[in-house]
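Peer 1: Attaching a single structure in structure tokens format; questions to follow.
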Amino acid sequence: MNNTIYNLATIGVQQLIPYKAGKPIEELERELGLTEIIKLASNENPIGPGKKAIAAIQQALAGLALYPDGSGFSLKQALSKKYSVSSEQITLGNGSNELLELVARAFLTPAHEVVFSQHAFAVYPIVTQSVGAKAVVVPAINYGHDLEGMLAAVTDKTRIVFIANPNNPTGTLLSQESVERFISALPDTCICVLDEAYFEFVSSLEAIDSIEWLKKFPNLLITRTFSKAYGLAGLRVGYGLSSPEMADILNRVRQPFNNNTLALVAAEAALNDEEHLQETIRVNASGMLQLTEGFKALSLEWISSSGNFVLVDLKKSGQVIYDALLRKGVIVRPVGNYELPHHLRISIGTEAENNVFLKALAETLNNV
Ligand SMILES: *Cc1c(COP(=O)(O)O)cnc(C)c1O
């Protein structure tokens, strides 16, 4: 490595640990020459995108010579209608990850601190360090966010607090009441980013009503995505809901054409495909049951999850089991980088995929 160039980077970037994505199927095919590979590693939708999204993409193909609508007018209208917010409260992102980056770029300097939980989503430290701000990591309680501890960590330097609800990779869910209380207690100089990438999977019993809070918290940014429940991870569409003031700031730093034409039309169509969403939620709930029953049969413990994935406790190196599963053509996610070296994160698959995984896991546990 050219050390001179390395030393020219900001300290935060020098110390930044790059995001490690789930292993792509094609990569494992190349490496091991396997053909029947299943990937339960990136919380993608196992039933794929919906028919309406695919039809919208096909219709839009002929228009690809033109730049996309940089304002995302039509998708924003659809979101506005669905969630009863005004278009001025919406910021579209190239995946919701882009929203996380926009908020960091717009609001943080090296003088600021950012508070988030241990075991929280890996993108928070990346966006924090890339702008030179200081990450303040608060120890988790029972794998979930310790909101009281996080509040205690907020100082007059804290400009952003990230909360993932449900959290990835742990699947833990905070009560709406506790989150609302937390945001109320924040100083109004501190922005709360409420990352709800998995909110569609949360059961109606625990109904998420964070959008209501936008009326009283101008410092709240809710981020959501089309990558998980809507099955459009490959297109990269996410959105932020906030006060119009916050959306105005985020839209200033956003690249003008950050969402491509196909992504815009597919997301809009997906939003109106209630049947696909309900089927996704149904497959997820039954798959979650199937996997946890399977863990029980193997005498394994897991962390109760509100998302479309589950963390299983292997009581030994997750990386070793991960490698053994790879050789059987099953890609899951090691979470040692989240300080969870004995767990693996399993995305819920179809019934058939879950069966393949459980069988491979049982064989692997018998052999290591
Ligand atoms: C998957 C995920 C996201 C964002 O994914 P995008 O594809 O960028 O929308 C954001 N937050 C959490 C916690 C996630 O797990």
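Read the figures in this text as sums done on the coordinates, not as results from a lab. Keep in mind that this is a model prediction, so the values were computed, not measured. Positions of Cβ are backbone-derived with ideal geometry, glycine not excepted, and every protein chain shown enters the neighbour counts.
Peer 1: Which distance in Å, rounded to a whole number, links the C-alpha centroids of region 1-53 and region 189-257?
Peer 2: So the two Cα centres are separated by 24 Å.
Peer 1: What number, in percent, do you get for the relative contact order of the chain if the mean sequence gap of Cα pairs under 8 Å and at least 6 apart is divided by its residue count? Don't skip to the end; give the middle numbers.
Peer 2: Values: 699 pairs, mean separation 86.2, N = 368.
Once normalised by length, the contact order is 23 percent.
Peer 1: Of the chain, which part is the longest with no GluC sites (Glu not before Pro) in a loop (DSSP not H, G, I, E, B) and with at most 16 other C-beta atoms within 10 angstrom?
Peer 2: Numbers: sites that count: Glu36, Glu339.
Maximal segment without exposed cleavage sites: 37-338.
Peer 1: Relative contact order of region 195-240, please, whole-number percent, based on alpha carbon pairs below 8 angstrom and at least 6 residues apart.
Peer 2: Computed over region 195-240, the figure is 38 percent.
Peer 1: Same structure again: Distances longer than 22 Å among the Cα atoms of region 146-275: what percent of all pairs is that?
Peer 2: 42 percent
Peer 1: Checking the a/c ratio against 1.5 first, then a/b against b/c, what shape does the Cα gyration tensor give for region 10-126?
Peer 2: It is oblate, given that a/c is not under 1.5 and a/b is not larger than b/c.
Peer 1: In debye, nearest 20: dipole of region 51-272 around its Cα centre with unit charges on the Cβ of K, R (+) and D, E (-)?
Peer 2: The calculation lands at about 600 debye.
Peer 1: Now, a different point. Compare the Cα positions of Asn165, Ala233, Val103 along the charge dipole of region 51-272 (+1 at Cβ of Lys, Arg; -1 at Cβ of Asp, Glu; about the Cα centre) and return the one farthest towards the positive end.
Peer 2: It is Ala233, whose Cα lies furthest towards the positive end.
Peer 1: What distance in nm separates the two pseudo spin-label positions at Glu29 and Val320, each 7 Å out from Cα along the beta-carbon direction?
Peer 2: 3.2 nm
Peer 1: Oh, and also: Across the chain, where is the longest run that never hits trypsin sites (Lys or Arg not before Pro) in a DSSP loop with at most 16 other C-beta atoms within 10 Å?
Peer 2: Excluding the exposed sites themselves, the longest stretch runs over 21-156.
Peer 1: Name the residue farthest towards the positive end of the dipole of region 51-272 from the options Gln59, Leu271, His145, assuming +1 on Cβ of Lys and Arg, -1 on Cβ of Asp and Glu, about the Cα centre.
Peer 2: The one lying farthest along the dipole's positive direction is Gln59.
Peer 1: Based on the Cβ-Cβ distance from Val253 to Ala9, what FRET efficiency comes out when R0 is 30 Å, to the nearest 0.05?
Peer 2: The value I calculate is 0.90.
Peer 1: Same structure, new question: Per 0.36 nm of contour for each residue apart, how much would the distance between Lys82 and Asp146 grow if the chain were fully extended, relative to their Cα-Cα spacing? Write out the running numbers ahead of the final one.
Peer 2: Numbers: separation 64, 0.36 × 64 = 23.04 nm, distance 3.18 nm.
19.9 nm is the gain from fully extending Lys82 to Asp146.
Peer 1: Does the chain come out rounded, prolate or oblate, given a ≥ b ≥ c as the square roots of the eigenvalues of its C-alpha gyration tensor, rounded meaning a/c under 1.5 and, failing that, prolate meaning a/b above b/c?
Peer 2: Details: a/c = 1.44, a/b = 1.20, b/c = 1.20.
Here the chain falls in the rounded category.
Peer 1: Moving on. Cut-off 10 angstrom, C-alpha nodes, Gaussian network model of the chain. Which of Leu186, Leu264, Leu40 fluctuates the most?
Peer 2: Leu186
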